[in-house]
Amino acid sequence: MKRSLDTVPVSLGDRSYQIVIGSGLLKRLGELCAGLPLTHRAVVVTNPVVHRLYGAVVKASLVRAGFDVALVQVPNGERAKSLSQAARLYQAFVRHRMDRRSAVIALGGGVIGDLAGYAAATYLRGIPLIQVPTTLLAQVDSSVGGKTGLNLREGKNLVGAFYQPSLVVADTQTLESLPPRQLRAGLSEVVKYGMIADPELFGYIESHLDQVLRAEEEPLTLLVTWSCAIKAKVVEQDEREDGLRAILNFGHTVGHAIETATGYRRLLHGEAVAIGMVVATALSVMRGLCGKEDLHRLRSLLRRIGLPTSSNIGFTNIVQSIGYDKKIKNNMTYFVLTKGVGHVTVAPISDRRELRRALVFASRSS
């Protein structure tokens, strides 16, 4: 793992792009976009919080580079990932006379990236997308790999498309403004990469957690680069989740179910995924794939970060929400299970009683 990288390539033939990582990149966004084959119109999609912090800087940078910029704000939070908000974006694209080489710029966290990405993928059958993630979770995960999506009442990301961005610009300076809870939630996805692919990364988080939680630039930049390199490697081998890419869903089956069951109001995505990782690891212990020490190590790190490791959501509600999971095949729910830190496998779960026992075991074991 080269730790001096400030760019991570995602090699997908004619859909290849760069992830550019560094401090102060928002001021250079126009310059970076100007190097792409774009026409001069661009729409920036963001929310009120991010707009207040970075909207003026981003717009000024784009204007300096010769772009005619419109800015659209959508509501904060997961509930903005809706068909009604996507329709608002389409109308904004029409008003700004966007063509097939005009850019949609997603400025914000995972919600903004998913919503703006889906709108870009479907407007005029696809126009260029620039991901500019401003949260840790978005920088290490959702902005990379081309997944876009909207939520329905029945479940998360049930409407969506695989649509690769033309560029990802991760300005690590934006992480300094993150509320502590948001930073911790983003770390959940970094822990996931350690669990599925790299025990060295997992150990680095354990040994450098104090510096990371203080939002120190060097360790955070390293974690963003490290995580993006892992995800890029997986996406290059399986762009559309036909096989290997499923490992990126470690913790997400139960995590998404918890989010759905609570109406996206109670927990942040990374918090729900933390609980889901504990449940998946508990299930792995029950199946003899890993030892209890792996569960204890994961739970200990998540607790040190300040993330939840259990939920009081009723079993029936969780199972009902899992029933709408988009990864179900032939009425079979597939879980990503761990064979120890850094190693995973994908296995079907057909017995609800086994899942119930895993939920109980995850909440009671220490």
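Only sites in a loop by DSSP and with at most 16 other Cβ atoms within 10 Å count here; which trypsin sites (Lys or Arg not before Pro) in region 236-281 make the cut?
Working: sites: Arg240, Arg245, Arg265, Arg266; in loops: Arg240, Arg265, Arg266.
Counting only loop positions with at most 16 other Cβ atoms within 10 Å, the trypsin sites (Lys or Arg not before Pro) in region 236-281 are Arg240, Arg265, Arg266.
Full extension of the chain between Asn317 and His296 gives 4.9 nm of extra length, using 0.36 nm per residue less the Cα-Cα distance.
Can you tally the lysine pairs in region 7-177 where the Cα-Cα distance is under 16 Å and the two residues are eight or more apart, or on different chains?
4
Our helix-only sum for the chain, with -39,500 (n - 2.57) per DSSP H run of n ≥ 4 divided by its residues, gives a mean residue ellipticity at 222 nm of -13500 deg cm²/dmol.
Of all DSSP-defined beta bridges confined to region 55-168, some 40% are antiparallel rather than parallel. Taking a point 7 Å from the Cα of Val49 along the Cα-to-Cβ direction, the residues of region 119-145 with backbone N closer than 12 Å to it are 134-137.
Return, ordered by residue number, the residues of region 120-146 whose backbone nitrogen is under 14 Å from a label point located 7 Å along Cα→Cβ of Arg100. It comes to 122-128, nothing else. Taking 7 Å steps out from each Cα toward its Cβ at Leu124 and Arg266 produces label points 4.4 nm apart. The amide H of Val346, built 1.01 Å from its N in the peptide plane, has Leu337 as neighbours under 5 Å, considering only residues 5 or more places off or on other chains.
So how tilted is helix 352-364 from the main axis of the chain? Cα-based, degrees 0 to 90, rounded to 10. Long axis of 352-364 versus the principal axis of the chain: about 90 degrees. Once you sort the root eigenvalues of the Cα gyration tensor of the chain as a ≥ b ≥ c, which label holds: rounded (a/c under 1.5), prolate (a/b larger than b/c) or oblate (the other case)? It comes out prolate by the Cα gyration axes.
Across region 56-62, computed HN-Hα scalar couplings (Karplus, 6.51 cos²θ - 1.76 cosθ + 1.60, θ = phi - 60°) run 5, 4, 5, 5, 4, 5, 5 Hz from first to last residue, x flagging Gly and Pro. Within the listed set Ser350, Ser61, Ser142, the Gaussian network model of the chain (springs between alpha-carbon atoms below 10 Å) gives the highest mean-square fluctuation for Ser350. Across region 257-269, rounded Karplus estimates of 3J(HN,Hα) from the backbone phi angles (6.51 cos²θ - 1.76 cosθ + 1.60, θ = phi - 60°) give 5, 5, 4, 5, 5, 9, x, 6, 9, 8, 10, 6, 4 Hz, Gly and Pro being marked x. Normalised by 2.2 N^0.38 Å, where N is the number of residues, the alpha-carbon radius of gyration of region 7-177 equals 0.92.
Scalar couplings 3J(HN,Hα) for region 284-295, obtained by applying the Karplus form with A = 6.51, B = -1.76, C = 1.60 to θ = phi - 60°, are 5, 4, 4, 8, x, 7, 8, x, 4, 5, 5, 5 Hz; x denotes Gly and Pro. Between the helical axis of 110-122 and the longest alpha-carbon principal axis of the chain there is an angle of about 60 degrees. Residues whose amide H falls under 5 Å from that of Lys147, counting only those 5 or more places apart or on a different chain, are Tyr163, with hydrogens built in the peptide plane. Of Pro37, Pro308, Pro128, the residue with the greatest mean-square motion in the GNM of the chain, using alpha carbon springs below 10 Å, is Pro37.
Readers should treat all values here as calculations from the given coordinates under stated rules, not as data from a laboratory. Quantities reported herein were computed from a predicted structural model and do not represent experimental measurements. Using ideal geometry, Cβ is built from the backbone for each residue, glycine included, and neighbour counts are taken over all protein chains shown.
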